[in-house]
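K.L.:
Submitted below is the structure of interest, expressed as structure tokens.
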2 protein chains.
Amino acid sequence: MGKGKWVTMKDVADFANVGTITVSRVLRTPDKVSETKRKRVQEAIKELGYVPDNTAGALSSSKSRVFGAIVSTVNDSVFAQTLDGLSSTLRMAGYELLLTSTNYDPDVEEDALLALLARRPDGIVLTSTTHTSAVTKLLKSVRIPVVEIWQLPSAPLDIAVGFSNFQAGYDMARHLIDEGRKNIAFLGVGGAQDERGRRRRDGYINALSDVGKEPIMWPDCEQSSLYGIELGVAFIERCFITDPMIDAVMCVSDQVALGVLCEARRCGVKVPEDLAISGFGGFELAKPSGIDLTTIAVPGKEIGIATAKALLDPETARDKKVIDLGFTLIKRGTT
Amino acid sequence: MGKGKWVTMKDVADFANVGTITVSRVLRTPDKVSETKRKRVQEAIKELGYVPDNTAGALSSSKSRVFGAIVSTVNDSVFAQTLDGLSSTLRMAGYELLLTSTNYDPDVEEDALLALLARRPDGIVLTSTTHTSAVTKLLKSVRIPVVEIWQLPSAPLDIAVGFSNFQAGYDMARHLIDEGRKNIAFLGVGGAQDERGRRRRDGYINALSDVGKEPIMWPDCEQSSLYGIELGVAFIERCFITDPMIDAVMCVSDQVALGVLCEARRCGVKVPEDLAISGFGGFELAKPSGIDLTTIAVPGKEIGIATAKALLDPETARDKKVIDLGFTLIKRGTT
DNA sequence: TCAGTTTTTGGTATCGATACCATTCTTGAT
DNA sequence: ATCAAGAATGGTATCGATACCAAAAACTGA
């Protein structure tokens, strides 16, 4: 313990009395080495506590065995599931994940991408599909798989894995309309950064216009600093109370919907009689809990797994280019 | 765009008509290069779209500018805050974060650590403090800072940043006792994997024994596959109903507490009159929302930032060894 | 037993940057 | 004008692995 330097492959080779390349082969292609030497090398590795140096390996083989991910936030439970699925699938294949979050800032994305490329990853995952021109140029010039996830761009840079946020918004609005709701509001326009949320809102607007209705969006400007549950609470206080014609609210996320639901109950607003509420994200609570929110379940983990597969085998994935994993509208008690 | 290979430092040097080392210096120590050449090099970099290769740099300088993190799960909002603080602070200093999650499995931890060390990180972050002997040996032999976070081990391997889970459990139990509760249950023993939860439970047991009370723990065995909100719901159905002496429940997490709260309301159990409920994690909802859970707020983001600082300047951090960032008991309406 | 294969093994160059040392160029003081 | 001290610059070795090719060993069938 506490040796000054790392044990190198040469040390192992000398100890086992073989050439360095044999040690390399024991690690990468064991069946190409005779059993005697293989065992001797494996013992030497154990004995000396050798840990291979991947930075050196990456340099000579130009394969880093690392994938880079640039996500808008890790602070989201459904996103976290994707990361879980992604990183565990990759690790099983002997790859690691270099993670960066941008907090929805495109300039940070550019910096992050440069930092990532400096590590010569074998592939890149992005949760955003709107990039600065520099980013687009870089991504196009790079000879590695680029996977955009959680949405389906019309013109993917390379490969896309996700589902249609537009369709999700459309379907949910349609569901509310079918339930006989007359004045359906959309809550959560504020998130100018969140392009997935905007797509869902666009779906909502389209569905309404298909039946000749006008959208009601709140907060009406993007100045609002409210988000999550607090935004939901504020909606009841500041919007629903002043505009009692509203009989349904479609929330940008489950968090927001939860805020609306709790505050509605506290204020004696009957759900779903007076106000129908829908969320997004696949809130895990169901009927028995008393919080049975109608929502859209998203295959978060599956996206992660499919992304990992696409990274590991880009050729196959490129045949499809856009991999749509769909979503599920879960009708529960709040609508 | 679409060039076969990466642009190398040599290419930039030739283009700018300088030596490679000058290019290197422009990137790392710009003030040691004359202004004329510096500008020429910077233009060449831009012109050619040069992205430095850090794997090569890491090899020759033995500084990878990458830190590795092994977390039990990313699927936890408070953890996510730590990761956010950690990775953004590190990136500002020009470092990246290599993230691995173990899903609470110590064997995975060992694999993950080996994979991480193969990338020769400049430091390591761990959320667990119970390791296999192989892991402990490896971590001790490594000459880089090792930071254990989210708890305070009595004998840290190197540096620890966090707060006392034991104390948090103790204080919350004490709070319930002070509120006059007679039969306080602890909900969430099942998480054998979650050592932080176990510490809090130990604090609870201690607080009760200090006043001569017996602990009530549910589920009583670890066979339960329930977790999160569902566990909270199950508690009311299966435990509280059968043992009506219980007048308080201290939950291992806010999620669980939320489940208890919702189900209690649905079943007509009065909170806090019939049942006091406490959570853990710093649930962001407060009084106006109707869900005003008494909880313990944890400085998640601060832990991330402090960890980053410790990694970047281990010498200073080692003076303290254990950095206690504390926690805050937030008394709200459920107790 | 031997030529012809196939498998196993090792030597050497190489990946792209930085470290170290040597050299050249400034600059200021005498 | 000359020299010393310091700044700027470049050449070459090096980091630790893998690629590529050549050599040695083992195996095949006649």
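K.L.:
So which GluC sites (Glu not before Pro) in segment A:244-335 end up in coil per DSSP with only 12 or fewer other C-beta atoms within 10 Å? Can you show the working numbers first?
P.N.:
Working: sites: A:Glu263, A:Glu273, A:Glu284, A:Glu302, A:Glu315; in loops: A:Glu273, A:Glu284.
Listed in order of number, the matching sites are A:Glu273.
K.L.:
Accessible area per residue of segment B:9-52 at 1.4 Å probe, in Å²?
P.N.:
On the way: 2950 Å² over 44 residues.
Ligands and nucleic acids excluded, the figure is 67 Å² per residue.
K.L.:
Separate question: What are the residues whose amide H is under 5 Å from the amide H of A:Ile277, where those residues sit 5 or more places off or on another chain and H is modelled from the backbone?
P.N.:
For A:Ile277, whose amide H was placed from the backbone, the distant partners under 5 Å are A:Val249, A:Thr335.
K.L.:
Okay, helix-only estimate at 222 nm for chain B: each DSSP H run of n ≥ 4 adds -39500 (n - 2.57), divide by all residues, round to 500 deg cm²/dmol; what do you get?
P.N.:
-13500 deg cm²/dmol
K.L.:
Could you tell me which residue out of A:Leu311, A:Gly68, A:Thr20 lies farthest along the dipole of chain A toward its positive end? Charges go on the beta carbon: Lys and Arg +1, Asp and Glu -1, centred on the Cα centre.
P.N.:
Farthest along the dipole direction, towards plus: A:Thr20.
K.L.:
Follow-up. Roughly what % of DSSP beta bridges within the protein assembly as shown run antiparallel, to the nearest 5? Intermediate values should be presented prior to the final figure.
P.N.:
Working: 9 of 71 bridges.
In the protein assembly as shown, DSSP labels about 15 percent of beta bridges as antiparallel.
K.L.:
With point charges of +1 on the Cβ of Lys and Arg and -1 on the Cβ of Asp and Glu, referenced to the Cα centre of chain A, which listed residue (A:Pro272, A:Ile159, A:Val298) lies farthest in the positive direction of the dipole?
P.N.:
A:Ile159
K.L.:
Pulled fully out, how much extra length does the chain show between A:Met245 and A:Glu43, if you take 0.36 nm times their separation in residues and subtract their Cα-Cα distance?
P.N.:
65.0 nm
K.L.:
Also, I was wondering about something else. Among residues other than B:Glu179 whose Cβ falls under 11 Å from its Cβ, what is the net charge (Lys/Arg +1, Asp/Glu -1)? Before the final figure, lay out the partial values.
P.N.:
Values: positive: B:Arg174, B:Arg181, B:Lys182, B:Lys331; negative: B:Asp178, B:Asp247.
Around B:Glu179, the surrounding residues sum to +2.
K.L.:
Work out which residues of segment A:112-127 lose at minimum 40 square angstrom of accessible surface when the other protein chains are put back, relative to the chain isolated, with a 1.4 angstrom probe, and list them by number.
P.N.:
So the qualifying set is A:Ala118, A:Arg119, A:Arg120.
K.L.:
Would you tally the net charge around A:Val211, using a Cβ to Cβ cut-off of less than 12 Å, leaving A:Val211 out, and scoring K and R as +1, D and E as -1?
P.N.:
On the way: positive: A:Arg174, A:Arg181, A:Lys182, A:Lys213; negative: A:Asp178, A:Asp210, A:Glu214.
Net of charged neighbours comes to +1.
K.L.:
Count, for each residue of A:48-55, the Cβ atoms from other chains sitting within 10 Å of its Cβ, then give me the mean as a whole number.
P.N.:
Mean number of neighbouring Cβ atoms from other chains: 6.
K.L.:
Computing the accessible area with a 1.4 Å probe over protein heavy atoms, can you report the carbon and sulfur percentage for the protein assembly as shown? Spell out each step's value before the answer.
P.N.:
Numbers: 14660 of 29410 Å².
Its accessible area is 50 percent carbon and sulfur atoms.
K.L.:
For segment A:9-52, compute Rh as the Kirkwood radius over C-alpha pairs and then the Stokes-Einstein diffusion coefficient at 10 °C and 1.306 mPa s; write the answer in µm²/s, rounded to an integer.
P.N.:
Numbers: Rh = 9.8 Å.
Roughly 162 µm²/s, to the nearest whole number.
K.L.:
Next up: So what are the ³J(HN,Hα) numbers for segment A:51-61, from phi and the Karplus equation (6.51, -1.76, 1.60; θ = phi - 60°), rounded to whole Hz, Gly and Pro as x?
P.N.:
Along segment A:51-61, the couplings run 10, x, 9, 6, 5, 5, x, 4, 5, 7, 9 Hz.
K.L.:
Next up: In debye to the nearest 20, how big a dipole does the protein assembly as shown give about its Cα centre with +1 on each Lys and Arg Cβ and -1 on each Asp and Glu Cβ?
P.N.:
Numbers: 80 positive and 86 negative charges, 514 e Å.
Value, rounded to 20: 2460 debye.
K.L.:
Hey, another quick one. What does the charge dipole of segment A:37-80 about its Cα centre add up to, to the nearest 20 debye, if the Cβ of each Lys and Arg holds +1 and the Cβ of each Asp and Glu holds -1?
P.N.:
Details: 7 positive and 4 negative charges, 92 e Å.
It works out to roughly 440 debye.
K.L.:
Taking square-rooted eigenvalues a ≥ b ≥ c of the alpha carbon gyration tensor, is the protein assembly as shown rounded, prolate or oblate, where a/c under 1.5 means rounded and, failing that, a/b exceeding b/c means prolate? Before the final figure, lay out each step's value.
P.N.:
Details: a/c = 2.08, a/b = 1.34, b/c = 1.56.
In terms of gyration-tensor shape, oblate.
K.L.:
Report the accessible surface area buried between chains A and B, summing both sides, using a 1.4 Å probe on protein heavy atoms only, in Å² rounded to the nearest 100. Mind dumping the intermediate values first?
P.N.:
Details: alone 17400 and 17360 Å², together 29410 Å².
Heavy-atom accessible area buried at this interface is about 5400 Å².
K.L.:
How far is B:Thr130 from itself in the other copies, in nm, if each label sits 7 Å out from Cα along the Cα-Cβ line, shortest first?
P.N.:
4.8
K.L.:
Follow-up question, since we're still on this one. Within 10 Å of each Cβ in peptide B:259-266, how many partner chain Cβ atoms are there on average? Round it to a whole number, please.
P.N.:
Working: counts 5, 0, 3, 7, 4, 1, 4, 5.
Mean shielding count: 4.
K.L.:
Taking the Cα centre of the protein assembly as shown as the origin and placing charges on Cβ (Lys, Arg +1; Asp, Glu -1), which of A:Ile216, B:Tyr170, A:Leu117 is farthest toward the positive end of the dipole?
P.N.:
Looking along the dipole axis, the top candidate is A:Leu117.
K.L.:
Partner chain Cβ atoms within 10 Å, averaged over the residues of B:137-145 - can you pull that number for me? Show your work: numbers first, answer last.
P.N.:
Working: counts 2, 3, 1, 2, 7, 5, 5, 0, 0.
Counting other chains' Cβ atoms within 10 Å and averaging over B:137-145 gives 3.
K.L.:
Let me ask something additional. Only Lys, Arg, Asp and Glu count, each charged at its Cβ (+1, +1, -1, -1), so figure out the dipole size of chain B about its Cα centre, rounded to 20 debye.
P.N.:
Details: 40 positive and 43 negative charges, 329 e Å.
Rounded to the nearest 20 debye, it is 1580 debye.
K.L.:
Moving on to the next point. According to the square roots a ≥ b ≥ c of the eigenvalues of the Cα gyration tensor, what is the shape class of chain A, taking rounded for a/c under 1.5, prolate for a/b larger than b/c otherwise, and oblate for the remainder?
P.N.:
Details: a/c = 2.92, a/b = 2.53, b/c = 1.16.
Verdict is prolate for chain A.
K.L.:
Right, next: Out of residues 5 or more away from B:Ser64 or on other chains, whose amide H comes under 5 Å of its own, with H placed 1.01 Å from N in the peptide plane?
P.N.:
B:Asp122
K.L.:
Per-residue accessible area for B:Cys251 at 1.4 Å probe radius, Å² rounded to 10?
P.N.:
B:Cys251 exposes around 10 Å² with every protein chain in place.
The values are calculated or read from the model by the stated rules, or taken from the named source; none is laboratory data. Nothing here was measured: the structure is a model prediction, and the numbers come from that model. As a convention, Cβ positions derive from the backbone with ideal geometry for all residues, glycine included, and neighbour counts pool all protein chains shown. For accessibility, only protein heavy atoms count, side chains too; no ligands or nucleic acids. Shrake-Rupley method; radii C 1.70, N 1.55, O 1.52, S 1.80 Å.
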